[in-house]
Amino acid sequence: MKNFLTTADFTRAGLEELLQDAFHFKWGVSADQPLAGKSVGLVFFNPSLRTRASMQVGIYELGGHAVVLEPGGTSWTLEHRDGVVMDGNKTEHLAEFVRVLERYTAAIGVRTFAELKDWETERTDPVLSAFARYSSKPVINLESAMHHPCQALADMMTIREKYGKDRKKVLLTWAWHPKPLPMAVPNSFALAAAQFGHDLRIARPKGYELDDELMAEIEKQAAAEGGSVEIVDDVRDAYDGVDVVYAKSWGGRQFYGAPEKDVAFRADLRADWIVDEAKMARTNDAVFMHCLPVRRNVIVTDGVIDSPNSLVIDEAENRLHVQKAIMARLLGEIAES
Ligand code: CP
């Protein structure tokens with residue numbers, strides 16, 4: 001295990017090992033400090049509460065030290081493209097940034113969102129890929145344009161915690177939001193749900209399809225694990241009988257570079273695409289999940305997020321435990337079986 005970039009790089013068995021380690025950290029079975037005397041670089045191109053705090057706390061609890069850098073804020077602005085003439089506003093190239101940072105650190109975590117400007121480029125995760133290319137130390141994806149694997153693993157841990165190992169009917173539903181958002185969370189949640197063998201239903205309006213290649217991978221993983229994938233574009237029947245409702249908003253890939261067109265396209269979707277008590281009543285007493293941050297009474301009503309079925313705070317806590325498991329494995333302190 002060199003890097004942790006997407007759960008697609010891992011077998012079900014490998015992901016199960018990470019979950020098991022995460023539970024051991026959560027339950028206090030493992031109090032190992034595999035990062036004693038080591039530092040981990042955390043590079044944040046974007047704001048964060050959960051990812052930043054849970055990584056810093058996790059590194060501390062594993063005995064290590066976090067070096068947090070914010071390009072354009074507490075460190076230089078960064079260029080990632082090869083062969084460019086750097087006569088614009090970027091001061092340092094990742095070729096130097098990464099190879100310097102790895103001389104000080106045992107691993108590097110990177111948070112870099114989609115810019116929602118150029119779908120065909122961003123779907124290849126160019127910034128994260130450059131970190132992985134230049135680093136000889138492990139790289140952890142703390143959310144990129146296409147994936148948020150730490151979030152997805154915490155989500156799978158949260159479902160496991162609630163329901164055990166049973167296969168569940170899991171609804172990933174698009175939700176209205178005033179502006180287009182990246183697809184990393186829905187991409188990684190759908191992929192991980194398939195890898196863990198759940199029956200996945202994706203509800204989204206026409207125009208908000210996930211990436212075709214990713215969907216093919218999700219279908220393949222679901223088939224291999226005995227699960228299923230269903231796509232619906234009518235929200236009215238989407239909630240029937242499901243055990244998990246996972247809400248997230250994302251932008252339409254055809255609108256990358258033209259956010260005002262996405263905003264106009266989604267104007268009529270606001271009333272229907274919110275998670276509310278009436279929709280939750282059609283489920284199998286489902287739990288509600290969201291990665292956070294969430295806009296209350298836009299994505300989800302107060303009544304749903306404040307209900308006993310809401311797992312959003314547990315999900316956020318589980319980020320800490322899965323990331324400790326990932327770091328411990330990456331640094332070779334827990335043997336892979
Ligand atoms: N879910 C998540 O990644 O939260 P932050 O953006 O606050 O890190």
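All of the numbers you see were taken from the coordinates with simple rules; none came from a lab. Not measured: the values here are computed from a predicted model. Cβ coordinates were reconstructed from backbone atoms using ideal geometry, including for glycine residues, and neighbour counts include every protein chain displayed.
Listed by chain and number, the lysines whose alpha-carbon sits under 25 Å from that of Lys90, ignoring those within fewer than 8 places in the same chain, are Lys117, Lys137. Between Ala22, Ala31, Ala194, the residue with the greatest mean-square fluctuation in the GNM of the chain (Cα pairs under 10 Å linked by springs) is Ala31.
Is the stretch 107-263 best put as rounded, prolate or oblate by its Cα gyration tensor, with a ≥ b ≥ c the root eigenvalues, rounded for a/c under 1.5, and otherwise prolate when a/b is larger than b/c, oblate when not? Taking the square roots of the gyration eigenvalues as a ≥ b ≥ c, the stretch 107-263 is oblate. Each Lys or Arg adds one and each Asp or Glu takes one away; over the other residues whose Cβ falls under 13 Å from the Cβ of Asp243, this sums to +3.
Quote to one decimal, in nm, the extra length available between Ser307 and Asp285 on full extension: 0.36 nm per residue of separation minus the C-alpha distance between them.
On the way: separation 22, 0.36 × 22 = 7.92 nm, distance 1.13 nm.
Here the segment from Ser307 to Asp285 would lengthen by 6.8 nm.
Over the stretch 212-307, what is the relative contact order in percent, taking alpha-carbon pairs closer than 8 angstrom and at least six residues apart? Write down the numbers at each step before the final one.
Numbers: 76 pairs, mean separation 31.4, N = 96.
Averaging sequence separation for qualifying contacts and normalising by length gives 33 percent for the stretch 212-307.
Measuring r between the beta carbons of Glu16 and Glu96 and using R0 = 56 Å, the FRET efficiency lands at 0.90. The count of lysine pairs in the stretch 151-311 whose Cα atoms are under 16 Å apart, excluding pairs fewer than 8 places apart on the same chain, comes to 6.
When only Cα pairs under 8 Å and 6 or more residues apart are kept, what is the percent relative contact order across the chain?
Values: 642 pairs, mean separation 67.8, N = 337.
Relative contact order comes out at 20 percent.
Its DSSP H runs of at least 4 residues, each contributing -39,500 (n - 2.57), put the calculated 222 nm mean residue ellipticity of the chain at -11500 deg cm²/dmol, to the nearest 500. Here the gap between Tyr104 and Gln33, fully extended at 0.36 nm per residue and compared with their Cα-Cα distance, gives a gain of 23.7 nm.
Which is the longest run of the chain containing none of the trypsin sites (Lys or Arg not before Pro) found in DSSP loop states (not H, G, I, E, B) with at most 15 other C-beta atoms within 10 Å? All intermediate terms of the calculation are to be shown ahead of the outcome.
Values: sites that count: Lys2, Arg81, Lys117, Lys165, Arg167, Lys206, Arg270, Arg282, Arg295.
For trypsin sites (Lys or Arg not before Pro) (loop position, at most 15 other Cβ atoms within 10 Å), the longest site-free span of the chain is 3-80.
A straight chain from Glu61 to Glu213 at 0.36 nm per residue would run longer than the Cα-Cα distance by 50.9 nm. Within the chain, the ratio Rg/Rh, alpha carbon atoms throughout and Rh by Kirkwood, equals 0.96. The magnitude of the dipole of the chain, with charges of +1 and -1 set on the Cβ of Lys/Arg and Asp/Glu and taken from the Cα centre, is near 500 debye.
For the stretch 69-121, what is the relative contact order in percent, using Cα pairs closer than 8 Å and at least 6 residues apart in sequence? Working shown, then result.
Working: 26 pairs, mean separation 12.1, N = 53.
Relative contact order comes out at 23 percent.
Picking from Asp314, Asp234, Asp125, which is most flexible by a Gaussian network model of the chain using Cα springs under 10 Å? Of Asp314, Asp234, Asp125, the most mobile in the Gaussian network model is Asp234.
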